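Below: the structure, in structure tokens.
The values are calculated or read from the model by the stated rules, or taken from the named source; none is laboratory data. The structure presented is a predicted model; accordingly, all values stated were derived computationally and were not measured. Glycine gets a Cβ as well: all are built from the backbone with ideal geometry, and neighbour counts include every protein chain shown. Just so you know, the surface numbers come from the protein's heavy atoms only, side chains and all, with ligands and any DNA or RNA stripped out. Shrake-Rupley method; radii C 1.70, N 1.55, O 1.52, S 1.80 Å.
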Amino acid sequence: MPPLSPTDLPAPPAELALLAIEVASEAAEFVRTRRRAHFEIDVKSSPTDMVTEVDTATDTLIRERLTARRPDDGLLTEEAATVTGTSGIVWVVDPIDGTTNFVYGRYPHAVSIAATVDDTPVAAAVIEIAHGDRFDAWLGGGARRDGTRLAPVAATPLPLALVATGFGYDPERRRRQAAVLERIIGDVRDVRRLGAASFDLCSVACGEVDVYYEHGLGPWDLAAGRLIASEAGCAVDRIAGGHGAGPLDGSDVIAGHPQLVEDLRALLVRSGVERVAEIVGARPPA
Ligand code: LIP
């Protein structure tokens with residue numbers, strides 16, 4: 001499939017980005033307000049995979065706002081049923097990415113909203129809720145932090161790279177992810193586990209970490225952050241390679257300066273990362 005052009009989309013990507021920023025900003029303030037009151041906590045795939053009533057209420061708020069403005073668009077949000085649209089645009093949303101951090105009152109946790117066409121993000125907003133960092137991007141329009149254009153990411157040698165990663169909710173997956181980390185940690189500067197994939201990707205885009213990789217994510221974790229990272233000059237791909245262009249195209253990601261992505265990918269492969277992929281059930285790249 002040829003790459004999307006900003007000029008032949010169902011709507012101008014800059015307008016979609018402005019809508020994403022507007023709705024994400026309101027949702028972030030809603031979460032801050034609800035955080036100050038009691039909220040119920042439930043669990044999903046495992047006892048550590050939490051979802052709160054604030055997650056679900058924020059999901060509802062975002063869906064209502066997007067549908068009011070663009071009633072023919074589709075919706076794919078983490079906490080509610082998928083809505084098939086007719087416009088060609090599908091909004092991919094994580095109402096609170098980093099739910100564990102939210103419950104513990106830790107930074108970062110973020111609202112992540114992306115507009116996608118043919119499973120490819122074309123407009124994005126990620127707003128970190130605790131501190132208010134605002135990242136946005138649109139296809140061909142670059143990426144911004146708090147309105148300031150992000151410079152292209154710099155090349156960093158692997159031994160000097162600050163690496164971000166994360167771990168799944170399944171104990172056996174975590175053990176395998178930790179085993180890979182043990183094998184690579186002596187070959188990089190250091191490692192950071194932030195706890196919100198969308199913010200990990202924004203952190204790569206703005207140079208607060210040099211590279212990020214993780215298995216076992218949802219499309220809502222990835223959609224917005226992958227566009228922000230790619231519009232800041234990052235290579236954003238599947239860990240095993242093979243053009244994961246869309247947020248629905250696989251549950252793993254590696255992002256950073258192109259050469260650093262290649263160097264880290266080679267180290268991960270030498271360190272047995274396929275044992276993580278097999279337990280995640282990651283579809284092989286197309
Ligand atoms: C989280 C991701 C994070 C991952 C966590 C969790 P959630 O998403 O953003 O990168 O390491 O295990 O999946 O569940 O907070 O929306």
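Odds and ends about this structure:
- CD proxy at 222 nm, helix term only [per DSSP H run n ≥ 4: -39500 (n - 2.57); per residue of the chain; nearest 500]: -11000 deg cm²/dmol
- Looking at the stretch 107-147, the accessible area is 25 square angstrom per residue; that uses a 1.4 Å probe and ignores ligands, DNA and RNA.
- The phi-based Karplus calculation (6.51 cos²θ - 1.76 cosθ + 1.60; θ = phi - 60°) puts the 3J(HN,Hα) values of the stretch 166-180 at x, 9, x, 8, 7, x, 5, 5, 5, 4, 5, 5, 5, 5, 5 Hz, whole numbers, x for Gly and Pro.
- Cβ-defined net charge surrounding Gly85, 10 Å radius [Lys, Arg +1; Asp, Glu -1]: -1
- For the chain, relative contact order (Cα pairs under 8 Å, six or more residues apart, normalised by length) works out to 17 percent.
- Under DSSP loop assignment and at most 16 Cβ neighbours within 10 Å, longest GluC sites (Glu not before Pro)-free interval of the chain: 41-207
- Set the Cα radius of gyration of the stretch 160-205 against 2.2 N^0.38 Å, with N its number of residues, and you get 1.19.
- Carbon/sulfur fraction of accessible area - the stretch 6-149, other protein chains in place, 1.4 Å, %: 52
- Taking the square roots of five times each eigenvalue of the Cα gyration tensor of the stretch 158-278, the equivalent ellipsoid has semi-axes of 19, 17, 13 Å, listed largest first.
- DSSP-assigned coil residues among trypsin sites (Lys or Arg not before Pro) in the stretch 27-101, each with at most 10 further Cβ atoms within 10 Å: Arg36
- Annotation: amide H of Thr116 within the under-5 Å range of Val90, Trp91, Val92, Val122, sequence separation 5 or more or interchain, hydrogens built in the peptide plane.
- The stretch 14-61 and the stretch 74-122 have Cα centres separated by 10 Å.
- The stretch 46-92 - Kirkwood radius from inverse mean 1/r over Cα pairs (Å): 11.4
- Between Ala179 and Thr48, the modelled label-to-label distance comes to 1.6 nm, taking each label 7 Å out from Cα in the direction of the beta carbon.
- Compactness of the chain is given as radius of gyration and Dmax, 17.6, 51 Å, from Cα positions.
- Backbone geometry of the stretch 196-211 corresponds, through the Karplus equation with coefficients 6.51, -1.76 and 1.60 at θ = phi - 60°, to 3J(HN,Hα) couplings of 8, 4, 4, 7, 4, 5, 5, 5, 5, 4, 9, x, 7, 9, 8, 7 Hz, x marking Gly and Pro.
- Nonlocal amide H pairs with Val191, under 5 Å, H built at 1.01 Å: Val163
- Integer Hz, Karplus 6.51/-1.76/1.60 couplings in order for the stretch 116-128, x for Gly and Pro: 10, 10, 6, 6, 10, x, 10, 7, 8, 9, 10, 10, 6
- Using the Cβ of Ile279 as centre and a radius below 9 Å, the other residues enclosed give a net charge of 0, where K and R count +1 and D and E count -1.
- Full-stretch length increase - Arg192, His131 - with 0.36 nm per residue and alpha-carbon distance subtracted: 20.1 nm
- Within a Gaussian network of the chain (alpha carbon springs, distance under 10 Å), most fluctuating of Arg265, Arg183, Arg238: Arg183
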